[in-house]
Amino acid sequence: MIYIVEDDRNIQEIELFALKNSGYQAMGFETAKDFYKALDSRLPELVLLDIMLPDEDGMSILKRLRSRPDTQRVPVILVTAKTTELDKVKGLDGGADDYIAKPFGVMEMIARVKALLRRSGGSEDSLLTCGDVTLDGEKRMVFAAGKPVELTYKEFELLRLLMKNHGIVISRDVIMERVWDSSFEGESRTIDVHVRTLRQKLGPSGSLIKTIRNVGYMADATK
């Protein structure tokens with residue numbers, strides 16, 4: 001999940017569309033208040049942060065992110081109309097990982113997002129937990145109710161995608177793009193088969209994978 005903190009509605013919509021069109025899950029916020037509220041429920045993999053905001057300066061937000069133990073390592077790209085070298089240095093010294101000056105091209109933004117997620121590991125090496133299922137991205141191991149589960153490469157990637165976005169419905173199109181690197185229509189049967197075998201291998205814990213009719217799937221451990 002990528003969070004966008006941008007008070008300009010038009011720019012935010014462009015960023016959201018570009019990210020979602022590239023297969024990422026993204027949410028936009030116009031104020032620091034709404035952004036902080038979202039952080040309390042879920043941490044993002046990356047933040048696109050505008051400096052000029054109505055209720056709090058972006059640099060102040062960045063400082064708070066870097067002071068919190070749970071967000072100090074979250075990658076942050078500053079997006080701002082301030083383009084002087086001094087502004088850029090202040091942002092990077094303040095803890096930003098990258099810097100994009102307005103106006104910017106959509107392709108440049110996506111390229112920077114991909115590069116930063118690649119450098120940071122995109123949280124892939126961290127432990128993911130949903131209910132009694134634990135996934136270790138670094139060791140590529142999965143445990144259900146404390147017992148190891150052997151998965152194929154695609155089953156593992158499918159489970160990781162769902163667990164990284166727990167509580168959020170992932171469409172079949174996005175699953176095909178992110179797991180199979182394909183956008184071929186009519187391939188949803190492939191996804192359904194993998195979900196079925198994944199549930200079987202997880203045993204009772206497989207119930208965390210919910211089917212959202214006519215849309216896709218979601219990882220949700222709630223009964």
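The values are calculated or read from the model by the stated rules, or taken from the named source; none is laboratory data. Note that this is a predicted model, so its numbers are computed, not measured. Reconstructed Cβ throughout: ideal geometry from the backbone, glycine too, with neighbour counts over all protein chains shown. Areas reflect the complete protein model, heavy atoms only, side chains present, ligands, DNA and RNA absent. Shrake-Rupley method; radii C 1.70, N 1.55, O 1.52, S 1.80 Å.
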Q.
If I stretch the segment between V193 and R119 completely, what's the gain in nm (0.36 nm per residue apart, minus their alpha carbon distance), one decimal?
A. 23.3 nm
Q: Rank-order 10-18, 22-30 by packing density, defined as the average count of other C-beta atoms within 10 Å over each peptide's residues, highest first.
A: 22-30, 10-18
(Q) Which three extents, in angstrom, do the Cα atoms of the stretch 1-88 have along their principal axes, listed largest first? (A) 33, 30, 22
(Q) So, R0 is 25 Å and r is the distance between the beta-carbons of L127 and I168; what FRET efficiency does that work out to, to 0.05? (A) 0.85
Q. On average, how much accessible surface per residue is there in the chain, in Å², for a 1.4 Å probe, leaving out ligands, DNA and RNA?
A. 54 Å²
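Over the stretch 21-75, with every protein chain in place, what whole percent of the accessible area is carbon and sulfur at 1.4 Å, could you tell me? Don't skip to the end; give the middle numbers.
Values: 1370 of 2770 Å².
About 49 percent, which is the carbon plus sulfur part of the accessible surface.
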Q) What number, in percent, do you get for the relative contact order of the chain if the mean sequence gap of Cα pairs under 8 Å and at least 6 apart is divided by its residue count? A) 13 percent
Q) Thinking of the chain as a set of Cα atoms, what percent of all their pairs are more than 31 Å apart? A) 26 percent
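Can you give the FRET efficiency for E56 and S22, using 1/(1 + (r/R0)^6), R0 = 30 Å, r = Cβ-Cβ distance, to the nearest 0.05? Don't jump to the answer; show the numbers that get you there.
Values: r = 28 Å, r/R0 = 0.95.
For R0 = 30 Å, the calculated efficiency reads 0.60.
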Q: May I ask for the angle, rounded to the nearest 10°, between helix 58-67 and the longest principal axis of the chain, with both axes built from Cα atoms and the value confined to 0 to 90°?
A: 50 degrees
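Could you work out the helix-only [θ] at 222 nm for the chain, with each DSSP H run of four or more residues adding -39,500 (n - 2.57) and the total divided by the number of residues, to the nearest 500 deg cm²/dmol? Working shown, then result.
Numbers: 8 runs with 92 residues, N = 223.
Value at 222 nm, helices only, nearest 500: -12500 deg cm²/dmol.
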Q | Antiparallel DSSP beta bridges within the chain, percent to nearest 5 | A | 50 percent
